[in-house]
Structures are given as structure tokens and as C-alpha cells.
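So the structure is just underneath, and the comments pick up after that.
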Amino acid sequence: MINKRLLVKNLLAHNDENSFYDKKRFIDIGQKEGKAKFLKHVCAMANSNPKNNSFIVIGVEDEDNKIVGVDFFDDSKIQNLVNAYIDNPPLISYENIPFPHLPEGKVVGLVTIKSNGKVCALRKNIWKYYGGSVFFREGSISLPKVFDIELKDINSETVATIEQHARNNIELTLDGVIDFLNHRHKDLISNYRVFKEQFVVCWAGNQKKVKDETYYSRVDIELINEQVKLFYSALDEITISFDDHSFSTTEYVQLGLGAQQSYFPLERMVIEFSDNGTYQIQSDLIFEPPQYDKKTLHHIFNANNALLKKLEKKIALKPEEKKDIKHLPATYLICYLNGFDEAKERMDLARPIIKSYDKEVYRSLKESLRILRKVQYN
């Protein structure tokens with residue numbers, strides 16, 4: 001079993017960017033350009049490593065390898081994106097790796113790419129890349145190739161050695177459990193569960209009971225053996241259940257107009273643990289967006305746009321407008337879910353404006369964009 005934090009450290013310590021390893025300060029697959037560049041790198045690394053895993057480490061400064069982290073990214077449907085744009089798509093996973101020195105909610109992203117042994121190519125045009133393009137890695141650069149397309153295995157031994165050095169042990173697992181329960185989340189209700197005598201899942205959060213159901217907010221869930229953060233949210237609420245061989249969560253989001261707020265189930269995640277030392281994660285979107293009167297939403301959409309213009313021009317908001325701005329992320333999301341496609345563009349444009357205005361509203365905006373991304377990729 002590989003400790004992913006050790007794997008990241010080994011990649012950063014012993015390798016410059018090459019044909020099986022790349023590092024990024026961040027990725028932005030919400031924008032067409034960022035999505036295209038990400039797909040290009042995935043395609044190139046899969047073609048350059050037909051027999052072994054290749055990796056992209058996200059949240060690292062390029063010049064000095066300083067680990068600065070990125071926001072937790074729980075896009076379980078990233079494989080759908082790769083499948084939609086790449087022929088012979090590789091298997092791909094995105095994992096969130098906690099590092100002790102990073103602020104709460106910040107992690108290092110680890111993208112693992114496993115080729116299916118066939119040449120993969122872009123299926124259709126995206127940004128400035130044409131459908132049919134085939135990419136390979138040459139050193140630290142992903143380049144198109146139009147002749148002599150042949151998959152060569154040159155990195156298997158090196159990658160196997162790196163992965164071997166990142167193997168987990170009992171000491172690392174115990175230290176991880178103690179750190180999670182007693183230090184990082186000492187102010188929250190926390191717990192752990194051992195599955196199949198070898199997998200340890202820890203979770204923490206604020207707990208409340210409604211009838212016979214227990215809900216958690218400000219939730220952090222980690223698979224300690226691999227140092228992988230499975231779930232993190234500062235706002236949304238979840239339920240947790242488990243048996244001898246599985247651990248399940250159901251995430252809820254609060255949406256509504258004004259005082260009329262309700263909780264809607266968003267996504268169910270199930271981790272199945274096997275006796276042979278493996279596990280599978282299955283995520284299913286179960287979201288049914290609330291529907292509202294279009295005239296009402298049109299008024300709210302225009303009001304949100306006007307609020308953003310005021311903030312952009314640094315015009316002071318009235319007391320009632322300050323209340324409305326707190327609901328702006330959620331109401332833009334509701335507008336998008338009810339057919340106002342332009343709301344997504346407005347939310348993206350709002351990020352720098354809201355970030356400089358109010359941190360809490362900005363955090364809410366990021367949560368709304370996360371939900372929107374899940375809905376889109378599904």
C-alpha cells in the first residue's frame with residue numbers, strides 16, 4: 001500500500017520534471033484553456049508511459065519545489081472529462097494529499113495516470129488543439145507528434161523504485177491516526193474505523209442529530225494508510241454510515257431563495273474494502289435541482305449582476321445589499337440549474353471581485369462552483 005504523501009515527497013526530491021512526472025502550481029479545468037492544457041498533459045504522459053503510472057503533482061512552486069497547496073478538489077467525475085475528449089483514454093485519478101504545514105482546506109493534488117497500452121489522442125477540437133492530435137513528453141514538455149507514433153517503455157523500473165520507497169508501514173499509520181484525532185481536529189468530534197484489518201478511515205466534524213439521523217458539518221475524512229483526504233467541506237453537511245467492509249457518505253447542500261432554505265442530497269460515495277488489500281471508490285450524483293419561477297429568477301439574476309458591478313467599481317453597498325451579496329453564490333447557482341447558462345460565466349468573473357470583498361462569501365462561491373462542476377461532469 002502506497003503512502004501518497006511519501007510518494008509526492010519522493011517525486012519532488014529525486015526528479016526534475018520528465019516524461020513520467022510533472023508539477024503544477026495549479027490547474028483550472030473550469031476554463032477551456034486550462035481544460036485543454038490538462039488534457040494535453042494527460043494524453044502526453046499516457047503515451048510516454050504505456051507500462052507504468054505517471055504523475056502530476058499540483059500545488060508546488062516550479063522554481064524551488066516549495067509546497068504551497070491548492071484548495072481541496074473532490075471532482076470524482078474527472079474520468080468522465082478524459083473519456084469525453086480522449087480516444088483510448090487512460091485511467092486517471094485525482095487525490096487530495098494533506099501536508100501538516102498547509103492551512104486547513106489546503107492540500108497537494110496528485111493526479112495518477114495509467115495508460116491502457118494504446119496510443120491516445122484528442123477526440124475533438126478544444127481551445128487551440130485539434131481533434132486527432134497525439135502528444136508525447138519530451139523531457140518536461142508535452143509536444144504533438146505526427147509521425148513514428150510508437151509507444152516505448154522506458155520508465156517502468158524507475159517508477160517502480162519510487163513507488164517502492166513510498167510504501168506504508170505501521171508507524172506511519174499510527175502516527176497519522178494520532179495526529180488526526182489528537183492534534184489536527186482536537187476541537188471536533190472525531191472517530192476512526194479499521195476495515196479488513198488493514199485500512200484505517202478517520203473522520204471529524206461538528207455533529208448534530210435530527211430525529212434518528214446524525215449529520216456532520218465542517219467535515220474532514222481521510223484514508224490514513226495512503227494519506228489521502230477523501231472528503232472536506234467547510235459548509236455542506238453529510239451523513240456517514242459503515243459496515244464491516246464499506247464506508248459510505250451522503251453529502252447534502254443547502255439551497256433556496258431568501259428564508260426558504262432546504263437541504264438537497266448531492267452525492268453518495270461508497271468505499272468498498274476487499275480482503276486482498278484493495279479498495280474501490282464509487283461516487284454517484286443523486287442531485288435533483290430545485291426548480292423556481294423563471295420571472296423571479298430573472299429578477300434575482302439581474303440584481304446579482306448589479307451587485308457585482310457595484311463591487312467592481314468599489315461603490316459602497318447599502319445594508320440590504322450587503323445581505324443580498326451573502327446569498328449571491330447560491331442564487332447564481334440556482335439560476336444556472338434553472339437554465340440561466342450565463343450564470344456560470346458570471347460566477348467565474350465574480351471570483352477575484354468577491355475574494356477581495358469578503359472571505360466568507362468567497363468560500364461560499366467556491367462551494368457553489370464545486371457543486372456546479374460536479375453537475376456538469378456528470
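Computed values, structure above
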{"read-out": "Filtered residue count, the stretch 194-204, keeping only those that are among the acidic types (Asp, Glu) and either over 22 Å from SER246 (Cα atoms) or outside any loop (DSSP other than H, G, I, E, B) (or both)", "value": "0"}
{"read-out": "Hits in the stretch 170-188 (condition: under 18 Å from LYS229 (Cα atoms) and outside any helix (DSSP H, G or I))", "value": "HIS185, LYS186, LEU188"}
{"read-out": "Search result, residues across the stretch 37-74 that are closer than 30 Å to VAL375 by Cβ and surrounded by fewer than 18 Cβ atoms within 10 Å (Cβ to Cβ)", "value": "VAL68, ASP71"}
{"read-out": "Test: residue in the stretch 90-99 that is among the polar types (S, T, N, Q), touching a residue at least 40 places away in the same chain (Cβ under 8 Å) and surrounded by 17 or more Cβ atoms within 10 Å (Cβ to Cβ)", "value": "yes"}
{"read-out": "Candidates LEU307, LEU317, LEU257 - the one that is at pLDDT 95 or above and not assigned by TED's automatic domain parsing to the domain that holds ASN80", "value": "LEU307"}
{"read-out": "Residue in the stretch 336-357 that is farther than 17 Å from GLU321 by Cα, of a type in the set (A, V, I, L, M), in contact with a Leu (Cβ under 7 Å, 6 or more places away or on another chain) and assigned to a helix (DSSP H, G or I) present", "value": "yes"}
{"read-out": "Answer residue from the stretch 210-232, given it is within 16 Å of TYR263 (Cβ to Cβ) and part of a strand (DSSP E or B) and is farthest from the chain's Cα centre (by Cα) among those", "value": "VAL210"}
{"read-out": "Boolean, TYR362 is surrounded by 15 or more Cβ atoms within 10 Å (Cβ to Cβ), among the aromatic types (Phe, Trp, Tyr), more than 24 Å from ALA84 (Cα to Cα) and over 21 Å from the mean Cα position of the chain (by Cα)", "value": "no"}
{"read-out": "Candidates VAL159, VAL111 - the one that is farther than 16 Å from PHE38 by Cβ, in contact with a strand residue (DSSP E or B) (Cβ under 9 Å, 6 or more places away or on another chain) and touching a residue at least 60 places away in the same chain (Cβ under 8 Å)", "value": "VAL159"}
{"read-out": "Of the criteria (1) at pLDDT 95 or above; (2) small (Gly, Ala, Ser); (3) under 19 Å from GLN261 (Cα atoms), which one ALA343 fails", "value": "(3)"}
{"read-out": "Tally of residues being in contact with a His (Cβ under 8 Å, 6 or more places away or on another chain) and within 27 Å of TYR192 (Cβ to Cβ) across the stretch 245-273", "value": "2"}
{"read-out": "One residue from GLN207, GLN164, GLN261 being assigned to a strand (DSSP E or B), free of Cβ contacts under 8 Å to residues at least 24 places away in the same chain and either farther than 30 Å from ILE325 by Cβ or in contact with a helix residue (DSSP H, G or I) (Cβ under 8 Å, 6 or more places away or on another chain) (or both)", "value": "GLN207"}
{"read-out": "Pairs where the first residue, in the stretch 1-23, is in contact (Cβ under 8 Å) with a residue 60 or more places away in the chain and the second is assigned to a strand (DSSP E or B) and among the β-branched types (Val, Ile, Thr), C-beta under 7 Å, 6+ apart", "value": "LYS4/ILE97; LYS4/VAL228; ARG5/ILE97; VAL8/VAL57; VAL8/ILE97; VAL8/VAL108; LEU11/VAL57; ASP22/ILE56"}
{"read-out": "Identity of the residue in the stretch 282-318, in a helix (DSSP H, G or I) and in contact with a strand residue (DSSP E or B) (Cβ under 8 Å, 6 or more places away or on another chain), that ends up surrounded by the most Cβ atoms within 10 Å (Cβ to Cβ)", "value": "ILE300"}
{"read-out": "Filtered residues of the stretch 1-50 (kept if polar (S, T, N, Q), within 30 Å of ASN169 (Cα to Cα) and under 20 Å from the mean Cα position of the chain (by Cα))", "value": "ASN3"}
{"read-out": "Criterion (among the charged types (D, E, K, R) and under 22 Å from LYS366 (Cβ atoms)) met by exactly one of GLU288, GLU272, GLU251", "value": "GLU251"}
{"read-out": "Verdict on GLY117 being in contact (Cβ under 8 Å) with a residue 24 or more places away in the chain, on the phi > 0 side of the Ramachandran plot and among the small types (Gly, Ala, Ser)", "value": "yes"}
{"read-out": "So ASN191, is it in a strand (DSSP E or B) and either of a type in the set (S, T, N, Q) or within 30 Å of VAL42 (Cα to Cα) (or both)", "value": "yes"}
{"read-out": "Output for the stretch 243-258, where each listed residue is in contact (Cβ under 8 Å) with a residue 40 or more places away in the chain and either surrounded by 16 or more Cβ atoms within 10 Å (Cβ to Cβ) or among the acidic types (Asp, Glu) (or both)", "value": "ASP244, PHE247, VAL253, LEU255, GLY256, LEU257"}
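The values are calculated or read from the model by the stated rules, or taken from the named source; none is laboratory data. Source: prediction; values computed, not measured. FYI the Cβ positions are ideal-geometry reconstructions off the backbone, even for glycines, and counts take in every protein chain you see.
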